[in-house]
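A.B. asks: Mind looking over this structure? Questions follow.
The values are calculated or read from the model by the stated rules, or taken from the named source; none is laboratory data. These figures come from a predicted structure and were not determined experimentally. We place every Cβ from the backbone using ideal geometry, glycine too, and count neighbours over all the protein chains shown.
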Amino acid sequence: MQQISQGVFEMSGIPAGRYSVRMPGNGSEQIAHAEVELKQNGQDLDELRGEPAGRVKLSVKMPKEGPLPRPINVGLQNDQHRMVAYNQLDANAKQRLTI
């Protein structure tokens with residue numbers, strides 16, 4: 001796979017068939033997932049619409065209802081210890097992460 005320009009990649013040698021594609025998302029969506037059918041050589045996937053791989057809703061509380069230090073950032077790592085979602089908690093110590 002070769003990056004041609006910002007967000008544009010080219011792959012060669014891939015036979016026709018059905019594939020599962022993961023790609024960077026927008027904003028807090030780090031990874032999007034889509035099923036595609038490759039039918040011909042030179043097929044563009046620029047209109048690919050993916051769904052987030054998953055969503056997590058969390059809230060943070062300190063022991064004994066103590067105050068939270070500010071700012072607090074939360075993140076999720078994959079099985080290879082790579083950060084796949086990262087964000088700062090809101091004023092209510094809650095956050096939704098989309099992966």
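A.B. asks: Can you name the number of the only condition in (1) part of a loop (DSSP other than H, G, I, E, B); (2) surrounded by fewer than 10 Cβ atoms within 10 Å (Cβ to Cβ); (3) modelled with pLDDT under 80 that residue 48 fails?
C.D. replies: Just one mismatch for residue 48, condition (2).
A.B. asks: Kindly evaluate residue 94 against the criterion of being at pLDDT below 85 and within 17 Å of the chain's Cα centre (by Cα).
C.D. replies: no
A.B. asks: With at pLDDT below 80, out of contact with any helix residue (DSSP H, G or I) (no Cβ under 7 Å at 6 or more places or on another chain) and not hydrophobic (A, V, I, L, M, F, W, C) as the only criterion, which of 66, 27, 13, 75 stands out?
C.D. replies: Checking each option against the conditions leaves just 27.
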